[in-house]
Amino acid sequence: MLASGTQEPAPPAPVWVSWGKKNWSGDADAGLKVQWLRKGSTVTLLATLHDDQPVPAADASAKAVLGADHLELWWREPDVDSKRAVQLGVARTADGKPVATWFQPPGRKDKALPSIRWTAPDRFEVELPVSWLVPKPRDGVTVHDGDMEPPSGLAAITVVFSDSDGKGQETLVSTTEKRPGAEVFSSLYLAEPGSLYPRLSKGVFSWMPLKQTTTLRELVTQ
C-alpha cells in the first residue's frame with residue numbers, strides 16, 4: 001500500500017477475500033477499495049465499501065460494531081516489544097452517525113480514538129497520526145546498503161471490511177490474502193509531504209543508478 005504526500009491519493013491497494021469466500025458472491029456483495037493520503041504528521045485512509053445489504057451498528061459498543069458491517073484496522077505499534085496487534089473497529093448507526101471502538105486498544109488504554117468521518121454513503125475516512133504507525137528513526141542508524149537516500153516511512157497495517165448481512169461476520173475482504181491476525185499485516189509506505197510516491201529501499205524494489213549513457217539493452221542484459 002502507498003500513501004501519497006500530495007492532494008491526490010495513491011492508486012488503490014490490492015484486496016482479497018481473506019475469509020468466508022463461500023458466502024461471497026462478488027464485489028457487489030462485499031467490496032473494498034483502499035487508498036491512502038498523507039498530510040504532514042497524519043495519514044488518512046480513504047475506504048470505499050460496496051455492500052448489497054448494509055447492516056448498521058446499534059451503538060458504539062464493541063459488540064454492536066462487531067455485529068454490524070464494519071471496517072477493521074489492524075496495526076503493529078511502533079517501538080513496542082509486543083506481538084499483540086492494535087485493532088480499531090469503525091461502523092455507522094442507522095441514522096448515519098460514524099462510530100468507532102477499540103477491539104484491542106494500544107498500550108495506553110486511555111488513548112483517544114482517531115478522527116473518523118463518512119464523506120459519502122459508501123465512503124469514509126480515518127485519520128491516524130504517523131507516530132502511531134511508523135517507528136522513530138534511531139540515532140546513528142545508517143541507510144540500507146545500496147540506497148542513495150533514506151527510504152520513506154514504513155508501517156505494518158491491514159485494512160479489513162467485515163460483511164455481516166445481519167448474521168454476524170460472514171465475509172472478510174482485506175489488504176492481506178490471509179485472514180488478518182497479530183502477525184499478518186500489509187506494508188504501508190508513506191511518501192514524504194509533497195511527493196506522489198514514497199522512496200522504496202533497494203531491498204524492497206530492486207533498482208540501480210542510471211548514467212546518461214545507459215541504454216535499454218544494457219538494462220535488459222543486467
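Could you derive backbone 3J(HN,Hα) for the range 197-202 from the dihedral phi with the Karplus parameters 6.51, -1.76 and 1.60 (θ = phi - 60°), listing whole Hz in sequence and x where the residue is Gly or Pro?
So the J values, rounded to whole Hz, are 10, x, 8, 9, 5, 4.
Just from its helices, what would the mean residue ellipticity at 222 nm be for the chain, if runs of 4 or more DSSP H residues each count -39500 (n - 2.57) and the sum is divided by every residue, rounded to the nearest 500 deg cm²/dmol?
Result for the chain, helices only: -1000 deg cm²/dmol.
Let me check I've understood the local charge: for Leu46, count other residues with C-beta under 9 angstrom from its C-beta, Lys and Arg +1, Asp and Glu -1. What total comes out?
With Lys, Arg at +1 and Asp, Glu at -1, the neighbours total +1.
Net charge around Thr171, counting only other residues with Cβ within less than 12 Å of its Cβ (Lys, Arg = +1; Asp, Glu = -1)?
Taking every Cβ under 12 Å from that of Thr171, the sum is -4.
If you work out mean projected area of the Cα convex hull in nm² from the coordinates, which of (1) 13.2; (2) 22.8; (3) 15.1 do you get?
Here mean projected area of the Cα convex hull in nm² agrees with entry (3).
Report the extension gain between Thr93 and Lys202 in nm, rounded to one decimal, defined as 0.36 nm multiplied by the number of residues separating them, less their alpha carbon distance.
Result for the pair: 34.7 nm of gain on full extension.
If the convex hull of the alpha-carbon atoms of the range 30-85 is projected onto planes in all directions, what is the mean projected area in square nanometres?
Reported value for the Cα convex hull: 5.7 nm².
Obtain the nm distance between the two label points defined at Asn23 and Arg117 by a simple spin-label model: each point lies 7 Å from its Cα along the Cα-to-C-beta direction.
With each label placed 7 Å out from Cα toward Cβ, I get 3.2 nm.
With a Förster radius of 45 Å, plug the Cβ-Cβ distance of Gln212 and Lys39 into 1/(1 + (r/R0)^6) and report the FRET value to the nearest 0.05.
0.80
Could you give the length gained on full extension between Glu183 and Gln53, defined as 0.36 nm per residue of separation minus the Cα-Cα distance, in nm?
Result: 43.7 nm gained on full extension.
Cut-off 19 Å, label point 7 angstrom out along Cα-to-Cβ of Glu127: give me the residues of the range 1-39 whose amide nitrogen falls inside.
3-10, 35-39
Could you order Phe124, Phe103 so the one with the most accessible surface comes first? Probe is 1.4 Å.
Phe103, Phe124
Report in % the part of the accessible area of the chain that belongs to carbon and sulfur, leaving out ligands and nucleic acids; probe 1.4 Å.
The nonpolar share, carbon plus sulfur, comes to 52 percent.
What is the local net charge at Gln87, summed over the other residues whose Cβ is closer than 12 Å to its Cβ (Lys, Arg +1; Asp, Glu -1)?
Surrounding charge for Gln87 is 0.
Go through Lys33/Lys178; Lys39/Lys83; Lys39/Lys178; Lys39/Lys111; Lys83/Lys111; Lys136/Lys211 and tell me which ones have a Cα-Cα distance over 27 Å in this structure.
Table pairs above 27 Å Cα-Cα are Lys39/Lys83; Lys39/Lys178; Lys136/Lys211.
Could you run the Karplus curve 6.51 cos²θ - 1.76 cosθ + 1.60 with θ = phi - 60° over the range 87-92 and give me ³J(HN,Hα) per residue in whole Hz, x for Gly and Pro?
For the range 87-92, the Karplus-derived couplings read 10, 10, x, 10, 8, 8 Hz, x marking Gly and Pro.
The values are calculated or read from the model by the stated rules, or taken from the named source; none is laboratory data. Not measured: the values here are computed from a predicted model. Positions of Cβ are backbone-derived with ideal geometry, glycine not excepted, and every protein chain shown enters the neighbour counts. When the accessible area is computed, the model is the full protein with side chains, heavy atoms only, and any ligands, DNA or RNA have been set aside. Shrake-Rupley method; radii C 1.70, N 1.55, O 1.52, S 1.80 Å.
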